[in-house]
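Participant: This is the structure I want to talk about, given as structure tokens.
The values are calculated or read from the model by the stated rules, or taken from the named source; none is laboratory data. Since the structure is predicted, the reported quantities are computational estimates derived from the model, not experimental observations. Neighbour counts run over all protein chains shown; Cβ positions are idealised from the backbone, glycine included. For the accessible areas, the whole protein counts, side chains as well, though only heavy atoms, and no ligand, DNA or RNA atoms are used. Shrake-Rupley method; radii C 1.70, N 1.55, O 1.52, S 1.80 Å.
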Amino acid sequence: MTTAILTVFVMRHVLGSSAMASIMISFASGLIFGLGLIVSQMINPAKVLAFLDILSCDPSLAFVIAGAVASSAAGYIYARRRGRPVFAQRLEIPTRLAS
């Protein structure tokens, strides 16, 4: 996660706030996400099915999910404290549940 954040911040600083910068940042974020899926072997259907099988559960993907939840929580907390997003005009976080 630290590498991804650093990469995006450097790209933002180098490219500025143009439309091309937004496209390049989106591309870099997607590329890092895809590489994370490959490294964690979440693209292997047999591995995912083994994780979902209750009788012979493979807990290795649970660590990947826990890491994703932890890094998302850290990003959410950072965004709430900062008050404004790094790459957008305004922060849009839901404040209540739908009724």
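Participant: Filter the range 21-73 for residues that are open to solvent by 80 Å² or more (accessible area, probe 1.4 Å) and of a type in the set (F, W, Y) and give the result.
Facilitator: Listed by number, the residues that qualify are F27, F33, F63.
Participant: Report, by residue number, each residue of the range 19-55 that is at pLDDT 80 or above and β-branched (V, I, T).
Facilitator: Selection gives I32, I38, V39, I43, V48.
Participant: Still on this model: What residue, among those in the range 41-95 that are touching a residue at least 24 places away in the same chain (Cβ under 8 Å) and assigned to a loop (DSSP other than H, G, I, E, B), is farthest from I25 (Cα to Cα)?
Facilitator: Out of the qualifying residues, it is V86.
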